[in-house]
Amino acid sequence: MFGIKKLFSGAAEAASLPADVRAALTDWQARVVDDLESTHFLTRYVVLDIVTDGPDPERHRLTGLAATEVHRGVVAPARSMYLDLLEVADEEDRARRLTAFLQFIGKAPLVVFYAAYVGGFLLPALRQHLGLSLQPRWVDLAWLLPALFADKSHQPMPLDDWLQLFGLDPGEGRRSPNENCLALARLFQMLVVRAHSKGVDTVAALIEESKASSHLRRSH
């Protein structure tokens with residue numbers, strides 16, 4: 001499920017948000033969520049990566065967001081977005097940037113590497129600056145890759161190790177957020193093919209497999 005517990009809540013009250021931001025959020029809320037029983041080919045997925053100034057959501061900040069669309073099995077670099085949260089003019093500017101990002105991702109399932117980490121930064125930022133409490137439909141590659149590609153590795157591994165296993169050049173040094181998104185998107189393309197061959201051929205099935213894999217790994 002990808003929903004809003006309450007449209008305006010938390011630190012950012014409705015009255016404190018600019019009128020254009022409130023209108024955009026209302027428009028976003030009205031969007032129809034894709035059918036969870038849709039096949040992967042018919043589903044628009046959004047691959048998401050974050051930039052932070054440290055590893056701890058309690059002490060560090062979300063400084064950037066990158067997203068890339070995967071639709072009809074095709075990675076679409078032209079349908080990508082990067083949001084800089086460091087060089088913002090003021091709180092209204094930050095709210096508008098986050099709203100633009102929210103409109104880009106729509107209500108698509110979010111493909112990430114370690115949902116707990118990404119969500120630990122993203123969801124509090126949306127609550128604080130937009131007053132939104134979201135429940136994204138996570139597709140977590142960190143847990144799904146070892147679950148569906150146990151022949152390559154049955155243990156979670158760093159992203160660069162997975163890229164090398166699949167013959168994708170991780171490059172040297174730190175990748176940009178957009179490059180990271182494209183790398184994750186290419187892994188996701190391969191994962192969808194494997195998932196389909198194993199009967200995990202709908203959005204709902206993939207999300208449930210992601211949840212089950214995460215729970216199984218964390219409980220052992």
Sites removed, the longest contiguous part of the chain containing no DSSP-loop trypsin sites (Lys or Arg not before Pro) with at most 15 other Cβ within 10 Å is 73-151
Which value, in debye to the nearest 20, gives the size of the charge dipole of region 30-84 about its Cα centre, when Lys and Arg are +1 and Asp and Glu are -1 at the Cβ? 200 debye
Have a look at LEU130, VAL200, VAL32 and report the one farthest towards the positive end of the charge dipole of the chain, computed about the Cα centre with Cβ charges (Lys/Arg +1, Asp/Glu -1). VAL200
A chain fully extended from SER16 to ASP93 at 0.36 nm per residue, minus the present Cα-Cα distance, gains in nm 26.4 nm
Taking +1 at the Cβ of each Lys and Arg and -1 at the Cβ of each Asp and Glu, which of ALA76, TYR45, PRO57 sits farthest along the dipole of the chain towards its positive end, judged by Cα position relative to the Cα centre? TYR45
Using the Cα centre of region 154-208 as the reference point, and only Cβ charges (+1 on K/R, -1 on D/E), how large is the resulting charge dipole? Debye, rounded to the nearest 20. 100 debye
Accessible surface of TRP138 - all protein chains present, 1.4 Å probe, nearest 10 Å²: 50 Å²
Rounded to the nearest whole number, the per residue volume of the convex hull around the C-alpha atoms of region 132-220 in Å³ is 123 Å³
Ranked from the most accessible area to the least, with a 1.4 Å probe and all protein chains present, what is the order of TYR114, TYR82, TYR45? TYR82, TYR114, TYR45
Note down the magnitude of the dipole of region 56-168 about its Cα centre, charges +1 on Lys and Arg C-beta and -1 on Asp and Glu C-beta and zero elsewhere, to the nearest 20 debye. 400 debye
From the protein chains alone at 1.4 Å, what is the descending order of accessible area for HIS40, HIS154, largest first? HIS154, HIS40
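The values are calculated or read from the model by the stated rules, or taken from the named source; none is laboratory data. No experiment lies behind these values; they were computed from the predicted model shown. Positions of Cβ are generated from backbone atoms using ideal geometry, with glycine treated the same way; all protein chains shown enter the neighbour counts. Ligands, DNA and RNA are excluded from the accessible area calculation, which covers all protein heavy atoms including side chains. Shrake-Rupley method; radii C 1.70, N 1.55, O 1.52, S 1.80 Å.
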